[in-house]
Each structure stands twice: as structure tokens, then as C-alpha cells.
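Q: Sharing a structure, written as C-alpha cells. Questions coming.
Laboratory data are not the source of any read-out in this text; all were calculated from the coordinates shown. Remember, predicted model here, so these are calculated numbers, not experimental data. Glycine gets a Cβ as well: all are built from the backbone with ideal geometry, and neighbour counts include every protein chain shown.
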Amino acid sequence: MEEKQLVSSFCLCARIMPLNLYLCPMQILDGKIASQAVKEKLKSTVAHLVAEGKRPPHLAVIIVGNNGASETYVASKVKNCAEIGFGSTLIRLDNDVPESVLLQQIETLNNDPAIDGILVQLPLPKHISEPKVIETISADKDVDGFHPVSVGKLVQGLPTFVPATPYGIMLMLEYYQISTKGKHAVIIGRSNIVGRPMSILLSSSHAYGNCTVTVCHSHTPNLKEFCLQADILVAALGKPEFVTADMVKPGAIVIDVGITRVADATAAKGFKIKGDVAFEQVAPLTTAITPVPGGVGLMTIAGLLQNTLQAYLNKFN
Ligand code: GUN
């Protein structure tokens, strides 16, 4: 927490309230700093395990095909494992791999006692059933928290693997001690990976929950009206710069989950990473906001690593 960086850029809120123009302090919720704090703790735990003569936790990652964004995410997961002393195995399968071969590969990993966590990077090619793949992963090794058993436990408030992105956001809220109790959280997006589990976590009865939650999606009429009611706004719809200043209540906390590659000829890689929030115009309105890149994405990795340690510990306890 010592490193916690309050970017106290007292900024002029862009919105002029009746008769008063007011200042609001805005804090950048820095994923690099918060994820580093989580990773330092994990690294120290692994060092202790190894000093006791135990093996470190081990994550297996499967990637099918060569989607550019998936390649980047998977490389980052493997790199982060190495950084904290986890073992990892990366399995690459061709884009046209038969579903049966992928399922067999998962079964092999399920039965391998040296593997604690299994992650199959999504999305998968169209000929492969994602639900089937997710259900084939042993619930004990489901570090993505996507298995129906994990989701059921999450809904019931039982200990389980929490999907990495919502888990990472909760770790971020905890790191920056963002008070959530009694607040109105509005989530844009109802995916199984982010929006739905996020709604469960924020409405649950725990230190960084106890929100009243509204989940908005592509069929929500008057989306802007809901967003303007949000004390905490979570944008997880995958549309670059969708959330603009006119959709944000002054003083809100804004969590940007979007990571989209947008073509940009001036960028070295030919694209730029954009969030779901138009950061430049929204940030001055907020009390706290996550940047993209450098925000939620890094916390996702922290959530995954935390789940992998938990899978390992569950095995021996
Ligand atoms: N694709 C995008 N996010 C995720 C994630 O959290 N887990 C997996 N397995 N695939 C993803």
C-alpha cells in the first residue's frame, strides 16, 4: 500500500451544476501498481513453498489458432507465471483441430497431478463448442471460474474460483480501498466472463460488495439514463470509447474493462488499444477511474494467478 499513488489532479469537473462549478479529486486506479502488490505476495508465498521442499503451482494454458489478441494475452499469462515462480505449460493447437482432440487434451491435463489450473483461451473457433470445453475442465482446476459448478458456487456465495477479470477488479477495489457499500453499480455488459459475475460480486455481502446493481445490455432502452445513476460504472461491452462524458455522473467511479485493438497507421504495431470509456473526456468527471491500457487488464492476470495458487492449495488441504 506504501506505493499507492494518489494522482490527486484536482481537476475541473466538466459538468457545471446549477449555480456552482465544482472541483472533484480524481484518482487513477493503476493496474500496474495494484497487480504488482498482488504478485509480490504470491511470489513470496511460492518462495516459502519451495523453501519447504514443495513444488510450485503450475498452470496449463491452451490456445487454439493464432488470434493476435489471444496470443498476446496467453504470452502475458505465461510470462507472469514465470515472474512469480509458478510453473506453466503452453499448449498450441491448430485452428482446425477437431473438438474431440481438444477435449482429449483437457482430459489429459485433468488427470495430470502436476497441473493445478487449466485455462483454454477464448474465443474458440466456431466448430468448437465453448460450453462443452468449459464443462470438460475439471471443476477443481477451473482457474477461469467459468465451469457451471464454479458459477453456481459464486451465486450461492460459496468459496470458489472467481472469473479472473471480475476478481481482478475486486482486488483493485480492495487495494485502493474503494468503498462500495450502499452504492449503485451499473454494469454495461452481461457476458459470462465479466458482466454477469461482476454483478454477483458487487451485490454480494462482503467488504467490497453490498451494492445495488443494475445490469445493462444491448436491449436496455435509455442506457444513458441508467449510466447517469451510477455511483460505480463498469463498462464491459467491448465497444471502444462508448462511454462518453454525458453518460457519467460527476463523482462516479469508472471501471473500464474494454481492451479493443483499433487500427492506427501512426502506431508501430498498426493498432492502438482502446477502452470502452472515452478516457480524456470522462476522467475529469470522476472520483476514480481505471486507464486502458494499464488498468483492469493487468488485474485480470493477478486474479488468474491468485486462482491458480488457490487450486494448488485446495489439492493439499
Ligand atoms: N478471453 C478473454 N478473457 C478471457 C479469460 O478471462 N479467460 C479465457 N480463458 N479466455 C478469455
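Q: Given DSSP loops and a limit of at most 15 other Cβ atoms within 10 Å, what is the longest stretch of the chain that contains no such GluC sites (Glu not before Pro)?
A: On the way: sites that count: GLU2, GLU3, GLU52.
Segment 53-317 is the longest.
Q: What is segment 20-146 by shape, rounded, prolate or oblate, if you read a ≥ b ≥ c off the alpha carbon gyration tensor as root eigenvalues and call it rounded for a/c under 1.5, prolate for a/b larger than b/c, and oblate otherwise? Don't skip to the answer; put the middle values down first.
A: On the way: a/c = 2.46, a/b = 1.31, b/c = 1.88.
The shape class here is oblate.
Q: Grab the Cα-Cα distance for ARG92 and LYS79, subtract it from 0.36 nm times how many residues apart they are, and report the gain in nm with one decimal. Could the numbers behind the result be given before it?
A: On the way: separation 13, 0.36 × 13 = 4.68 nm, distance 1.59 nm.
Using 0.36 nm per residue and subtracting the Cα-Cα distance, I get 3.1 nm.
Q: Another question, then. Which pairs, out of LYS39/LYS249; LYS41/LYS315; LYS39/LYS183, put more than 23 Å between their alpha-carbon atoms? Let's see the in-between values first.
A: Working: LYS39/LYS249 33 Å; LYS41/LYS315 20 Å; LYS39/LYS183 29 Å.
In this structure, LYS39/LYS249; LYS39/LYS183 exceed 23 Å between Cα atoms.
Q: Run through the DSSP bridge list for segment 127-240 and note the antiparallel percent, rounded to the nearest 5. Write out the running numbers ahead of the final one.
A: Values: 0 of 9 bridges.
The answer is about 0 percent antiparallel.
Q: Sticking with this structure for a sec: Below 8 Å, C-alpha to C-alpha, sequence gap of six or more: please give me the relative contact order for the chain in percent. Mind dumping the intermediate values first?
A: On the way: 624 pairs, mean separation 64.4, N = 317.
RCO, the chain: 20 percent.
Q: Using a simple spin-label model with points 7 Å from Cα along the Cα→Cβ vector, what separation in nm is obtained for GLN177 and ASN210?
A: With each label point 7 Å from Cα toward Cβ, the separation is 1.6 nm.
Q: Here is a further query. For segment 45-95, what is the Kirkwood hydrodynamic radius in Å, using each pair of distinct C-alpha atoms? The partial results should precede the final answer.
A: Working: mean 1/r = 0.0837 Å⁻¹.
About 11.9 Å for segment 45-95.
Q: Which whole-number percent gives the relative contact order of segment 190-270, counting Cα pairs below 8 Å spaced six or more residues apart? Each step should come with its number before you reach the end.
A: Details: 82 pairs, mean separation 17.6, N = 81.
Relative contact order, segment 190-270: 22 percent.
Q: If I model a spin label at ASP264 and ASN192 as a point 7 Å from the Cα along the Cα→Cβ vector, what separation in nanometres do I get?
A: In this crude label model, ASP264 to ASN192 measures out at 3.3 nm.
Q: Have a look at the DSSP beta bridges in the chain and tell me what percent are antiparallel, nearest 5.
A: Antiparallel: roughly 25 percent of the beta bridges in the chain.
Q: Another one. What span do the alpha-carbon atoms of the chain cover on each of the three principal axes, reported in whole Å from largest to smallest?
A: 67, 44, 43
Q: Of all the stretches in the chain, which is the longest one without any exposed loop site, taking trypsin sites (Lys or Arg not before Pro) in a DSSP loop (any state but H, G, I, E, B) with at most 13 other Cβ atoms within 10 Å?
A: Numbers: sites that count: LYS4, LYS54, LYS126, LYS181, LYS269.
For trypsin sites (Lys or Arg not before Pro) (loop position, at most 13 other Cβ atoms within 10 Å), the longest site-free span of the chain is 182-268.
Q: Provide the net charge surrounding PRO163, with neighbours chosen by a C-beta distance below 15 Å and charges set as Lys +1, Arg +1, Asp -1, Glu -1.
A: Details: positive: LYS77, LYS141, LYS153, ARG190, ARG196; negative: GLU130, ASP142, ASP144.
Spelling it out: positives minus negatives among the neighbours equals +2.
Q: Find how much the distance from PHE316 to GLN281 grows on full extension, using 0.36 nm per residue of separation minus their present alpha carbon separation; answer in nm with one decimal.
A: Between PHE316 and GLN281, full extension yields 7.6 nm more.
Q: Need one number: nm distance between label points at HIS48 and HIS127, each 7 Å from Cα along Cα→Cβ, rounded to one decimal.
A: That separation, rounded to one decimal, is 4.9 nm.
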